[in-house]
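S.K.: Handing you a structure now.
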Amino acid sequence: MKVGVLALQGDVREHARSLEAAGATAVQVKRDDQLAGVDALVIPGGESTTIGKLLDRFDLLGPLRERIDSGMAVYGTCAGLILLAREVVGREDAPFRIPALDVSVRRNAYGRQVDSFETDLRVKGFDEPLHAVFIRAPSIEAVGEDVEVLAEHEGAPVFVRQGNLLASSFHPEMTDDGRVHRLFVEMAEKS
């Protein structure tokens, strides 16, 4: 199974390492022909406005939306969650998005870089808590009825799934716990 990592900005190497450990072949994706050659895609964290502008500049918004609509599994972490969200609430929008995930998010809701934190989360389907790293993380303010909440932090969703889409406010690639990437690879194999 070839899983692409959108390689425009963010933790590309870290996601690739985690995907390889989960049994997938990780491929960097920067162009449409590379996107066409993968079975699934991870959209890493970074700066959502920058990544969105680069998706637009490299003509990837349309092809990515078509692949999602045709059933390709996509996992968005942090900025990737913002780029997949149906709606961005608050002062800061992210104008170049693929609004496929039925959630409303607020950018940088957990604070600035200095407010980054780590915590343990109870994740649906995981036997043990997951150690999660939040860096300038978006909050999920609302979820649609088809969105399954897999984990919460202080009563708010931080890890969700809808059909072939998976998204988290946190960065699982920043830890040695490979369960989130294994979950995504398993989802991709079924899609």
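The numbers here are math on the coordinates, done by the rules we state, and not lab data. It should be emphasised that the depicted structure is a prediction, and the values quoted were computed from it without experimental measurement.
S.K.: Could you name the lysines in cross-link range of residue 2, using Cα to Cα under 24 Å and dropping any fewer than eight places away on the same chain?
M.R.: Candidates past the 8-residue exclusion: 30, 190.
S.K.: Still on this structure: Based on the Cα atoms of the chain, what semi-axes does the equivalent ellipsoid have, where each is the square root of 5 times one gyration tensor eigenvalue, given in whole Å with the largest first? Let's see the in-between values first.
M.R.: Working: eigenvalues 95, 76, 49 Å².
Sorted largest first and rounded, they come to 22, 19, 16 Å.
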